[in-house]
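Scroll down for the structure; my scribbles are underneath it.
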Amino acid sequence: MTQGGTKPHTTGEQRQPRVVIAGAGMTGILTAITLRQAGIRDLLILEKRSSLGGTWRENRYPGVACDVPSHFYSYSFAPNPDWQRRFASGEEIQAYFERVFHTYGLGTVTRFNQQLVHSEYRRGRWHLKTDCGHTYQADFFVCATGILHHPCYPNIRGLDSFEGACFHTARWPQSAPVDGTRVGVIGTGSTACQLIPALADRSQHISVFQRTPQWIMRLSNPGFGPTTRLALRRLPSLQRLVRWSHQLLLSHLFSKAVIGRKVPHWIISTLCKLNLKFSVRDPVLRRKLTPDYTVGCKRLIINSEFYRAVQRDTVSLETAAIRKVVPKGVVTDDGKLHRLDTLILATGFRPFEFMRPMVVIGEGGVTIEQQWRHKVQAYRSLLIPGFPNLFLMLGPNTPIGNFSVIAMSEVQVNYLLQLIQQWQQRRFDAVSARTSAMEAFNQSLKAGMKGTVWLGGCQSWYLDKDGDPAMWPFSWQRWVDEMAAPQMDHLRLHRYGNG
Ligand code: NAP
């Protein structure tokens with residue numbers, strides 16, 4: 001129990017830290033399980049909503065799925081032989097996280113409906129407050145709050161005047177009026193490409209408002225039949241082999257392609273171009289769907305249904321810019337009114353918010369807003385100078401993109417565990433990144449960005465306000481190697497004699 005209390009528990013030589021984790025999504029669950037397995041018992045997960053699951057709880061739009069192969073989009077310690085398809089549906093993934101959460105007994109350490117609103121560091125302790133007024137203290141504070149969870153609402157004139165239902169894909173209402181109605185979808189990112197085919201059979205008509213075309217790679221999504229699933233259950237080594245083969249494919253093809261390795265990039269570029277050429281027969285439509293930037297510059301979309309859906313009679317691709325929204329629909333720059341009953345905003349997220357709007361106050365009363373006023377950055381994506389004992393899971397420059405965020409988080413959580421273990425051995429009372437180390441880290445990232453495709457002439461959510469991609473510009477193996485153990489000379493160690 002971490003509520004109240006001022007001193008860490010001590011058992012023999014090693015002391016027991018109190019760890020509070022913000023968020024019961026994929027990274028929060030992972031952190032809690034990993035720390036528990038390492039013998040850390042005083043854990044608390046504070047979850048803002050009434051249920052777990054993070055992104056998979058929030059994204060309930062029709063067609064939601066993960067375009068990372070399911071056997072690789074799973075915790076390494078909790079393989080799932082029962083995945084139904086190569087790319088699992090959102091519902092199946094949510095069920096997986098619920099199962100893991102309960103199997104590892106995390107219900108006893110989780111409090112729901114407790115949104116952290118205030119956190120302040122004072123002499124080796126984090127003092128935390130939730131929206132219902134509960135207060136907690138912690139030696140370590142892990143922000144497992146995710147990246148893509150603040151919906152980005154477009155700034156379009158008249159949006160509020162729309163008479164029909166209008167909602168963001170991550171705020172999908174239970175009885176969304178999409179059946180037999182005229183639907184407008186703004187955006188053609190990964191979300192829209194999953195949503196539009198799923199609505200195509202249900203809606204009377206779909207107007208797809210595309211601002212920028214996207215590169216799409218086709219990968220089939222075969223189901224795993226009962227025999228395959230039985231074999232995977234009986235033969236754990238087969239399951240490991242399947243996982244390993246997916247990891248190999250993604251790390252050597254996709255990850256290397258985006259950091260500018262010529263052969264992998266040529267392969268994915270060719271596959272995307274062939275996909276467009278052979279999937280879309282009408283040259284006019286094909287031209288509308290052809291991007292003018294390098295493949296991978298925006299997050300590569302893996303999808304085998306979107307092109308088919310936009311060629312249906314009941315779906316139209318609108319490429320004229322949106323001028324305004326009016327009560328009856330959307331008016332485009334060609335003066336046309338697109339009459340709609342429902343307007344869906346598949347307009348993405350604000351990825352640089354991270355744990356905010358929580359107030360986070362570090363050493364000397366410096367807020368996270370002040371720390372990040374020039375740039376949102378962290379040392380090794382995880383540690384923020386001046387914010388000791390705070391870990392930011394999936395922070396800036398985590399190698400996201402077309403790779404498993406679970407695999408990335410497992411690397412991060414092992415890194416933070418090693419620091420907590422050093423704290424247990426009393427090597428310090430608090431640890432933070434040195435500013436000089438963060439600057440050197442970010443300079444090396446910036447130098448590495450030069451050859452990457454993210455600077456390939458497009459706008460994307462990867463880019464910060466300076467136009468720098470908040471991505472990892474090196475190989476997956478380098479991420480694993482560099483995160484294998486903390487480099488202690490990059491860190492500031494604080495001693496307070498707390499216990
Ligand atoms: P997104 O990739 O950021 O796409 C947003 C779309 O909305 C873009 O087409 C954008 O156009 C358009 N848009 C935004 N504001 C607009 C405006 N004012 N007027 C017209 N169009 C506007 O968002 P997302 O599709 O939700 O995907 C976000 C990320 O979530 C993905 O990149 C991926 O990392 C993750 N995701 C993953 C999966 C998966 O299967 N693993 C599935 C869904 C999402 P522009 O391109 O012109 O900006």
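The values are calculated or read from the model by the stated rules, or taken from the named source; none is laboratory data. Please read these numbers as outputs of a predicted model, since none were measured by experiment. Positions of Cβ are generated from backbone atoms using ideal geometry, with glycine treated the same way; all protein chains shown enter the neighbour counts. Accessible surface areas use protein heavy atoms only, side chains included; no ligands, DNA or RNA. Shrake-Rupley method; radii C 1.70, N 1.55, O 1.52, S 1.80 Å.
Computed values, structure above
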item	result
Helical mean residue ellipticity (222 nm; -39500 (n - 2.57) per DSSP H run of 4+; nearest 500) of the chain	-8500 deg cm²/dmol
List ARG171, ARG211, ordered by accessible area with a 1.4 Å probe, largest first	ARG211, ARG171
Surface accessible to a 1.4 Å probe, per residue, for the residues of segment 106-221, Å²	42
Under 20 Å from LYS288, Cα to Cα: aspartates and glutamates that are on another chain or at least 8 residues apart	GLU305, ASP313, GLU318, ASP333, ASP334
Free-standing Cys, the chain [no other Cys Cβ under 4.7 Å]	CYS66, CYS132, CYS143, CYS152, CYS166, CYS193, CYS272
Rounded, prolate or oblate (a/c below 1.5 giving rounded, otherwise prolate when a/b exceeds b/c) for segment 358-445 by Cα gyration tensor	oblate
Whole-Å distance, taken between Cα centres, linking segment 452-493 and segment 125-180	26
Sequence ranges 413-425, 299-311, ranked by mean other-Cβ count within 10 angstrom, highest first	299-311, 413-425
Largest to smallest accessible area among ILE40, ILE267 [probe 1.4 Å]	ILE267, ILE40
Listed pairs LYS262/LYS465; LYS256/LYS465; LYS298/LYS450 exceeding 21 Å between Cα atoms	LYS262/LYS465; LYS256/LYS465
Rounded, prolate or oblate (a/c below 1.5 giving rounded, otherwise prolate when a/b exceeds b/c) for segment 341-403 by Cα gyration tensor	oblate
Alpha-carbon centroid distance for the pair segment 302-376 / segment 191-267, whole angstrom	23
TRP461 - accessible surface, heavy atoms, 1.4 Å probe, Å² rounded to 10	90
Segment 199-274, accessible surface, carbon-and-sulfur percent (1.4 angstrom probe)	61
Where LYS262, LYS336 fall by accessible area, highest first, once all protein chains stay in place (1.4 Å)	LYS262, LYS336
Ordering of 282-292, 369-379, 88-98 by burial proxy (mean other Cβ atoms within 10 Å per residue, highest first)	88-98, 369-379, 282-292
Relative contact order of the chain, pairs being alpha-carbon contacts under 8 Å that are 6 or more residues apart, as %	20
Segment 174-294: C-alpha gyration tensor shape, a/c 1.5 cut-off, then a/b vs b/c	oblate
Distant-in-sequence amide H partners of THR332 (H built 1.01 Å from N, under 5 Å)	ARG323, HIS338
Per residue accessible area in Å² of segment 222-369, where ligands, DNA and RNA are left out and the probe is 1.4 Å	51
